[in-house]
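To start, the structure under review is shown below, and the notes come after it.
The values are calculated or read from the model by the stated rules, or taken from the named source; none is laboratory data. Predicted model only: the values in this text are computed from it and were never measured. Heads up, the Cβs are rebuilt from the backbone with ideal geometry, glycines too, and the neighbour counts pull from every protein chain shown.
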Amino acid sequence: MEYQSKNSNVQVSGGAIQAFLNSLNNKELGIRYLKQHGIENLEANKFYSQQAYLLAQKDLVAAIGVPTALEGVGEKIPEQLPPSNVKDVFELFETWINHYRANNQGDNESYIRVTEKGENYLYLETNNPYPCAFDRGLIRAFARKFHPTAKVTKVGDKCRAKGDAACTYHIFW
């Protein structure tokens, strides 16, 4: 389910939040919503309440009125936190959960897994509390690091935005 941390102890890295802020067109608005939820004086190496961060994202979407704005923000995150030490798109997505857990401490329930792959495609199932649009932007940008023409579509009837546990994405190039 979107915007709902798996448990109250999960914390997100200040570096991830800073990358999010740096990707916004209106950074001041992002800072205001973070502050309203108790996140101030960000430091890259400190950790902050994931639930507060998610609520700030939710408020931001409500303020700008377009959930897909988070998709654009998600697309910019890899510029701030580029993938490292991976040889191809398959390895990137097969190990993405490790990157997620490094930046979201205490969340051992979420998962990101490749469910099928072929020569020029893969299916990725994501179960985490972030908005679907944000994930879609991240997925597309990470895929384009290896395949500049990569496209991402959500498939199936299940969707975290509707209260389901996971979303499935078709990534192809």
Open item on the list: Can you tell me which residue is farthest from the chain's Cα centre (by Cα) among those in the range 64-98 that are assigned to a loop (DSSP other than H, G, I, E, B) and free of Cβ contacts under 8 Å to residues at least 12 places away in the same chain?
Closed with: K87
Open item on the list: Kindly evaluate V152 against the criterion of being in the same structural domain as K46 (by TED's automatic domain parsing) and either assigned to a loop (DSSP other than H, G, I, E, B) or surrounded by 14 or more Cβ atoms within 10 Å (Cβ to Cβ) (or both).
Closed with: no
- [ ] State whether one or more residues within the range 136-143 are surrounded by 14 or more Cβ atoms within 10 Å (Cβ to Cβ), more than 15 Å from the chain's Cα centre (by Cα), in contact (Cβ under 8 Å) with a residue 12 or more places away in the chain and within 21 Å of V12 (Cα to Cα).
- [x] no
Task: L92 being touching a Gly at 6+ places or on another chain (Cβ under 8 Å) and among the hydrophobic types (A, V, I, L, M, F, W, C) - done: no
TODO: Look at L54 and say whether it is of a type in the set (A, V, I, L, M) and farther than 17 Å from I77 by Cα.
DONE: no
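Any residue at all in the range 48-63 that's surrounded by 16 or more Cβ atoms within 10 Å (Cβ to Cβ), outside any helix (DSSP H, G or I) and outside the structural domain of A161 (by TED's automatic domain parsing)?
Yes, the range 48-63 has at least one match.
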Task: Residues that are more than 18 Å from H147 (Cα to Cα) and at pLDDT 80 or above, drawn from the range 73-88 - done: V73
- [ ] Please work out if L122 is crowded, with 19+ Cβ neighbours inside 10 Å and out of contact with any strand residue (DSSP E or B) (no Cβ under 7 Å at 6 or more places or on another chain).
- [x] no
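Kindly indicate whether F20 is of a type in the set (F, W, Y), more than 29 Å from K158 (Cα to Cα) and not assigned by TED's automatic domain parsing to the domain that holds K145.
Values: of a type in the set (F, W, Y): yes; more than 29 Å from K158 (Cα to Cα): no; not assigned by TED's automatic domain parsing to the domain that holds K145: yes.
Judged against the criteria, F20 is not a match.
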Open item on the list: Of the conditions (1) modelled with pLDDT of 95 or more; (2) on the phi < 0 side of the Ramachandran plot, G106 satisfies every one except a single condition; which number is it?
Closed with: (2)
